[in-house]
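Below is one structure, written out as structure tokens, with a few remarks after it.
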Amino acid sequence: MASTGTPNPPGRFPAGARAFPHRDLTGIAQLERHEILFLLAEAEQWVEFNRRADKHCDALSGQTIINAFFENSTRTLLSFEIAGKRLGADVVNMHAAQSSVKKGETLIDTAVTLNAMRADAIVIRHGSSGAVDLIASKVDCPVLNAGDGQHEHPTQALLDALALRHALEARGEGSEDFTGLTVTICGDILHSRVARSNILCLQALGASVRLCAPPALMPAGVEAMGAATFADFDAALDGADVAMMLRLQTERMSGQFIPSAREYHHLYGLTRARLDRCAPDALVMHPGPMNRGVEIDSDVADMLDRSIITRQVEMGVAVRMACLDVLTRRGRAVPGWNDGQWT
Ligand code: ASP
């Protein structure tokens, strides 16, 4: 299938706005609402495509994508790799453990090296907030942020939005955005790039966001992002339409933030009884990896009618295909795509 993209429905774009004028995707913070909706619309075509028996096209034939992962990843790396390959690109994975970073090379030297290999897009995961922006400023090709420290994980927020939209549509409640929806994000907000990107994305799409965490894991001043904050999980769940659970990011913790996993589960674990505090039919989300029995119980994570955790993984491939396709259009000189929009 050739990628034709989704024509811009004229009414959806503010006068003079372009569909996607950016070279890079480093965060949701850089995106306007119509740009988020545009990427989601682009991703829809790949959802259908990925359900076909033949899942290969040559939209990115001849393009080289480097997945440079300086931090461990299972689903994000695999998802970007599958996305690139289904689009027909040559995909190369660089793991920090096998790279010169371990030999003391600076981030800038690594960026310059990757650039010299003439990649057509670079996907980066890094443990430091801001590292992806730094690399983006040193290379000539589009850069996609696959998670940088505690900062942002934009494709996770986009795939979460797409999974939520599909789950609501399946119930006949679908609409373009999430106006009227209340989403409770609970867990280690302090160390979570997923939370940050989701607060921005969900609010841009009209949802009300509640944040819940033990006081030590709630970032100071996060209310300024427009979300309501709670220390009491039961109160945070009251009537919510979605419970999005987060992992305790122990690899980013310096010191003791919680007394014990057992106590954390007692106060902040999503149990069947707690789910009943939400709106009837409330949905359950988790970006993975899950720690069952800590932030979420198995009987909630595996509820077929309420948990959309595997749908999130499915939508991840479609969203990453859309992002790779859109960001490489300029370099591929795709007919009809000029300066960030279809003409
Ligand atoms: N996979 C997500 C991330 O990379 C969430 C997590 O690791 O808990 O941030």
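The values are calculated or read from the model by the stated rules, or taken from the named source; none is laboratory data. Quick caveat, the model's predicted, so the values are computed rather than measured. We place every Cβ from the backbone using ideal geometry, glycine too, and count neighbours over all the protein chains shown.
Structure values in brief
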{"item": "Region 23-71, subset small (Gly, Ala, Ser) and crowded, with 16+ Cβ neighbours inside 10 Å, residue farthest from residue 110 (Cα to Cα)", "result": "41"}
{"item": "Elements of type helices (runs of 4 or more DSSP H) in region 269-343, at least 3 residues being surrounded by 14 or more Cβ atoms within 10 Å (Cβ to Cβ)", "result": "309-332"}
{"item": "Odd one out for residue 199, checked against (1) in contact with a helix residue (DSSP H, G or I) (Cβ under 6 Å, 6 or more places away or on another chain); (2) within 16 Å of the ligand (Cβ to nearest atom); (3) in contact (Cβ under 8 Å) with a residue 40 or more places away in the chain", "result": "(3)"}
{"item": "Residue that is more than 16 Å from the ligand (Cβ to nearest atom), within 21 Å of the chain's Cα centre (by Cα) and without any contact (Cβ under 8 Å) to a residue 40 or more places away in the chain, where the choices are 298, 307", "result": "307"}
{"item": "Selection status of residue 263, over 25 Å from residue 159 (Cα atoms) and free of Cβ contacts under 8 Å to residues at least 40 places away in the same chain", "result": "yes"}
{"item": "Scope region 153-196; condition away from the ligand (no atom under 14 Å from the Cβ) and touching a His at 6+ places or on another chain (Cβ under 9 Å); matching residues", "result": "174"}
{"item": "Tally of residues being in contact (Cβ under 8 Å) with a residue 12 or more places away in the chain and within 16 Å of the ligand (Cβ to nearest atom) across region 49-81", "result": "13"}
{"item": "Residues within region 208-253 that are of a type in the set (Asp, Glu) and part of a helix (DSSP H, G or I), tallied", "result": "3"}
{"item": "Those residues of region 245-268 which are charged (D, E, K, R) and either within 16 Å of the ligand (Cβ to nearest atom) or on the phi > 0 side of the Ramachandran plot (or both), in sequence order", "result": "247, 251, 252"}
{"item": "Test set (1) over 20 Å from residue 163 (Cβ atoms); (2) under 23 Å from the mean Cα position of the chain (by Cα); (3) surrounded by 15 or more Cβ atoms within 10 Å (Cβ to Cβ) - residue 257 fails condition number", "result": "(2)"}
{"item": "Filter pass, residue 211 being away from the ligand (no atom under 15 Å from the Cβ), out of contact with any strand residue (DSSP E or B) (no Cβ under 9 Å at 6 or more places or on another chain) and within 30 Å of residue 35 (Cβ to Cβ)", "result": "no"}
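Residue-wise test of (1) within 16 Å of the ligand (Cβ to nearest atom); (2) at pLDDT 95 or above; (3) within 19 Å of residue 158 (Cα to Cα).
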{"position": "115", "(1), (2), (3)": "no, no, no"}
{"position": "124", "(1), (2), (3)": "yes, yes, yes"}
{"position": "132", "(1), (2), (3)": "yes, yes, yes"}
{"position": "139", "(1), (2), (3)": "no, yes, no"}
{"position": "142", "(1), (2), (3)": "no, yes, yes"}
